[in-house]
Amino acid sequence: MTSLITSRARHVAVIGLGAAGLVAVRELRREGHTVIGFEREKHVGGLWVYTDRVELDSLSVDPDRTIVHSSIYQSLRTNLPRECMGYSDFPFVTRSGDGDPRRYPDHREVLMYLQDFAKEFKIEEMIRFETEVLCVEPTPENNHKWSVQFKSSSGVSGEEIFDAVVVCNGHFTEPRLAHIPGIESWPGKQIHSHNYRIPDLFKDQVVIVIGSQASGNDISKDIATIAKEVHISSKAVASDSYGCYDNLRIHPTIYRAREDGSVVFRNGKVVFADAIVHCTGYKYHFPFLKNNGYVTVEDNRVGPLYKHVFPPAFAPGISFIGLPFMGLQFFMFEIQSKWVASVLSGRVKLPTDDKMMEEAIAFYTKLEDLGIPKRYTHFLTDPRGNPMLGTFKPEDAVVISQSDYFNWIAKQCGCTSIERWRERLYNVAIKKIFFGGDSYRDQWDDDQLIEEVYGEFAKLKSNQDCSS
């Protein structure tokens, strides 16, 4: 398919108008394409649109359940400084008046930033709100065209043909659950963090929180304000370890659950618990994509994909924005979108289908040789060297860093890669997450770096004023 690209405008569908979809729409239009965005909710923002509604199925395993698409809990704050989170030409700075002025703001501030971005670049005029995409498939008459079937909240169904479809539907809706021997006969309550909003449900209870990454840390501390005890089950600690801090207990993973309500940890500790909260992440899920099984999700690897974006046999007609995780997400969405937009216009060429497939297979083989599970395929740094996922080993080889990835894409499409200040700020922030203690969000001592960042913002605004 790649060889058929000519330099011209394309008619492109974007599915999902969260942080990835918003910038994808902008970059596609900047490249000269006509764009229609499909958003099933009433507003832009995706993940960042908070609701107190939760699913009736607290583990979200029933395929016929009514899905609530938000996974935001009420107390959530960013775990990166706002300044390094924003898009390259639209700084995420403190709003005047009604905003949250903290360096690590709450989720409402992020949503307002995205709404401001949509307004600034007149994106909403290209969006069909309250419209769910039901099916995306190649047209039978022309394999280079794509049929998008959709249904509005009012029940009106339709179909439209596009030259390309950009998938930006996020990956925080379909929960992954921990495998616990004996859990099917354990009598307590279970809930996935997708359905967690406030801690009130756990007042005076003994609660086990599985997972010690961002949501697990936040939710365990949130519940601890009201619960009797909170026991954290973490892969990141040794199997014989045990820690105690106020009413928080730190354990290794769970060995098994029992019918009498007890839970046995691998350190030998036995806890009689009222509830288990699974902060165990999410699955990539594309129920609308019909492609004869070419693009699959296997142990959370979406593949085969070239550089996490293009499936070789369908490139550039289908692309995915935002699959890699644990990094500078908004900037990644932006630079991936620039690449997709430039490929679709023909300004940038992809390798042949065979060459892309060859590179994808070589990448998967490298991960397998390093002993990295498929579920970490879209992790931009080697998970063996990530303190969140196991013992920190600085000597571990990096498969590909996010900076390498950004630089590679920037070279392809002739755009600016990650700024030095953003990279430095991110690296400082990551160290604070791991070593800054519970109050890392409210302690910042590198004022010189922040002063440099705002100096760069001032230069950007000056250049934008001159251009306009």
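The values are calculated or read from the model by the stated rules, or taken from the named source; none is laboratory data. Since we're looking at a predicted model, the values are computed, not measured. Heads up, the Cβs are rebuilt from the backbone with ideal geometry, glycines too, and the neighbour counts pull from every protein chain shown. Surface accessibility is based on the protein's heavy atoms, side chains included, excluding ligands, DNA and RNA. Shrake-Rupley method; radii C 1.70, N 1.55, O 1.52, S 1.80 Å.
Would you pick out the residues in the stretch 441-459 that are open to solvent by less than 40 Å² (accessible area, probe 1.4 Å) and in contact (Cβ under 8 Å) with a residue 24 or more places away in the chain? First the steps, then the outcome.
In the first step, residues of the stretch 441-459 are kept if they are open to solvent by less than 40 Å² (accessible area, probe 1.4 Å); the result is 441, 449-450, 453, 455, 457.
Passing the criteria: R441, L449, I450, V453, F457.
Which ones in the stretch 90-121 are under 21 Å from L460 (Cα atoms), open to solvent by 20 Å² or more (accessible area, probe 1.4 Å) and in contact with a Phe, Trp or Tyr (Cβ under 7 Å, 6 or more places away or on another chain)?
Residues satisfying the conditions are F90, P91, V93, R103, E120.
When the residues of the stretch 293-304 are narrowed to those that are out of contact with any Ser or Thr (no Cβ under 9 Å at 6 or more places or on another chain) and of a type in the set (A, V, I, L, M, F, W, C), which ends up surrounded by the most Cβ atoms within 10 Å (Cβ to Cβ)?
V295
Have a look at V166, V148 and point out the one that is under 30 Å from P81 (Cα atoms) and not hydroxyl-bearing (S, T, Y). Break it down stepwise before answering.
Values: V148 fails: under 30 Å from P81 (Cα atoms).
Of V166, V148, the one residue that is under 30 Å from P81 (Cα atoms) and not hydroxyl-bearing (S, T, Y) is V166.
Y87 passes all but one of (1) hydroxyl-bearing (S, T, Y); (2) surrounded by fewer than 16 Cβ atoms within 10 Å (Cβ to Cβ); (3) modelled with pLDDT of 95 or more; which number fails?
(2)
Go over the candidates S75, S58, S70 one by one and state the one that is touching a helix residue (DSSP H, G or I) at 6+ places or on another chain (Cβ under 9 Å), of a type in the set (S, T, N, Q) and free of Cβ contacts under 8 Å to residues at least 40 places away in the same chain.
Values: S75 fails: free of Cβ contacts under 8 Å to residues at least 40 places away in the same chain; S58 fails: free of Cβ contacts under 8 Å to residues at least 40 places away in the same chain.
Result: S70 is the single residue among S75, S58, S70 that is touching a helix residue (DSSP H, G or I) at 6+ places or on another chain (Cβ under 9 Å), of a type in the set (S, T, N, Q) and free of Cβ contacts under 8 Å to residues at least 40 places away in the same chain.
Any residue in the stretch 176-198 that is β-branched (V, I, T) and under 23 Å from L323 (Cα atoms)?
As a first pass, look at the stretch 176-198 and keep what is β-branched (V, I, T): 180, 183, 191, 198.
So of that shortlist, the ones also under 23 Å from L323 (Cα atoms) come out as none.
No, the stretch 176-198 contains no residue that is β-branched (V, I, T) and under 23 Å from L323 (Cα atoms).
Just wondering, is there one or more residues in the stretch 181-200 that are open to solvent by less than 30 Å² (accessible area, probe 1.4 Å), more than 25 Å from K283 (Cα to Cα) and aromatic (F, W, Y)? Reasoning before the result, please.
Keep residues of the stretch 181-200 that are open to solvent by less than 30 Å² (accessible area, probe 1.4 Å), which gives 182, 186, 188, 191-197, 199.
Checking which are more than 25 Å from K283 (Cα to Cα) leaves us with none.
The answer is no, given that none of the residues of the stretch 181-200 is open to solvent by less than 30 Å² (accessible area, probe 1.4 Å), more than 25 Å from K283 (Cα to Cα) and aromatic (F, W, Y).
Has the stretch 150-165 got at least one residue that is touching a helix residue (DSSP H, G or I) at 6+ places or on another chain (Cβ under 8 Å), at pLDDT below 95 and surrounded by fewer than 17 Cβ atoms within 10 Å (Cβ to Cβ)? Step through it out loud before you land on a result.
Initially, the stretch 150-165 is screened for residues touching a helix residue (DSSP H, G or I) at 6+ places or on another chain (Cβ under 8 Å), giving 163-164.
In the following step, the residues that additionally are at pLDDT below 95 were identified as none.
For the stretch 150-165, residues touching a helix residue (DSSP H, G or I) at 6+ places or on another chain (Cβ under 8 Å), at pLDDT below 95 and surrounded by fewer than 17 Cβ atoms within 10 Å (Cβ to Cβ): absent.
Taking strands (runs of 3 or more DSSP E) that do not extend beyond the stretch 103-203, which have at least 1 residues that are in contact with a Gly (Cβ under 8 Å, 6 or more places away or on another chain), among the β-branched types (V, I, T) and within 30 Å of S88 (Cα to Cα)? Give the derivation first.
Details: elements: 131-138, 146-152, 157-162, 164-167, 189-192.
By residue number, 164-167.
The rows are residues; the columns are (1) among the hydrophobic types (A, V, I, L, M, F, W, C); (2) open to solvent by 20 Å² or more (accessible area, probe 1.4 Å); (3) in contact with a Ser or Thr (Cβ under 6 Å, 6 or more places away or on another chain); (4) modelled with pLDDT under 95.
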{"residue": "E229", "(1), (2), (3), (4)": "no, yes, no, no"}
{"residue": "S234", "(1), (2), (3), (4)": "no, no, yes, no"}
{"residue": "S241", "(1), (2), (3), (4)": "no, yes, no, yes"}
{"residue": "N247", "(1), (2), (3), (4)": "no, yes, no, no"}
{"residue": "R258", "(1), (2), (3), (4)": "no, yes, no, no"}
{"residue": "K269", "(1), (2), (3), (4)": "no, yes, no, no"}
{"residue": "H278", "(1), (2), (3), (4)": "no, no, no, no"}
{"residue": "Y284", "(1), (2), (3), (4)": "no, no, no, no"}
{"residue": "N291", "(1), (2), (3), (4)": "no, no, no, yes"}
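Under the condition of being out of contact with any Phe, Trp or Tyr (no Cβ under 9 Å at 6 or more places or on another chain) and of a type in the set (A, V, I, L, M, F, W, C), which residue from the stretch 157-206 is nearest to S233 (Cα to Cα)?
A178
Take the residues in the stretch 1-39 that are charged (D, E, K, R) and modelled with pLDDT of 95 or more; name whichever of them is surrounded by the fewest Cβ atoms within 10 Å (Cβ to Cβ). So that I can check it myself, show each step before the final result.
Going residue by residue through the stretch 1-39, those that are charged (D, E, K, R) are 8, 10, 26-27, 29-31, 39.
Still in the list and also modelled with pLDDT of 95 or more: 10, 26-27, 29-31, 39.
Working: R10: 21, R26: 25, E27: 27, R29: 18, R30: 13, E31: 21, E39: 26.
So, considering only residues that are charged (D, E, K, R) and modelled with pLDDT of 95 or more, the one surrounded by the fewest Cβ atoms within 10 Å (Cβ to Cβ) is R30.
When the stretch 261-283 is examined, which residues are found to be closer than 21 Å to F202 by Cα, among the hydroxyl-bearing types (S, T, Y) and touching a residue at least 60 places away in the same chain (Cβ under 8 Å)?
T280
Filter the stretch 293-307 down to the residues that are out of contact with any Asp or Glu (no Cβ under 9 Å at 6 or more places or on another chain), more than 22 Å from A178 (Cα to Cα) and assigned to a loop (DSSP other than H, G, I, E, B) and list them by number.
Correct list: G293, Y294, V295, P304, L305.
I'd like to check something: does the stretch 83-101 contain any residue that is over 23 Å from E334 (Cβ atoms), in a loop (DSSP other than H, G, I, E, B), of a type outside the set (D, E, K, R) and in contact with a helix residue (DSSP H, G or I) (Cβ under 8 Å, 6 or more places away or on another chain)?
No, because not a single residue in the stretch 83-101 is over 23 Å from E334 (Cβ atoms), in a loop (DSSP other than H, G, I, E, B), of a type outside the set (D, E, K, R) and in contact with a helix residue (DSSP H, G or I) (Cβ under 8 Å, 6 or more places away or on another chain).
Could you count how many residues in the stretch 313-344 are under 16 Å from A360 (Cβ atoms) and either hydroxyl-bearing (S, T, Y) or in a loop (DSSP other than H, G, I, E, B) (or both)?
The total comes to 5.
Can you tell me how many residues within the stretch 429-439 are under 20 Å from F92 (Cβ atoms) and touching a residue at least 60 places away in the same chain (Cβ under 8 Å)?
Narrowing the stretch 429-439 to residues under 20 Å from F92 (Cβ atoms): 429-430, 432-433.
Right, trim to touching a residue at least 60 places away in the same chain (Cβ under 8 Å) and you get 429, 433.
Counting residues in the stretch 429-439 that are under 20 Å from F92 (Cβ atoms) and touching a residue at least 60 places away in the same chain (Cβ under 8 Å) gives 2.
Let's see how each residue does on (1) under 25 Å from E456 (Cα atoms); (2) charged (D, E, K, R); (3) modelled with pLDDT of 95 or more; (4) assigned to a loop (DSSP other than H, G, I, E, B):
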| position | (1), (2), (3), (4) |
| --- | --- |
| E359 | no, yes, yes, no |
| M388 | no, no, no, yes |
| V399 | no, no, no, yes |
| K411 | yes, yes, yes, no |
| I418 | yes, no, yes, yes |
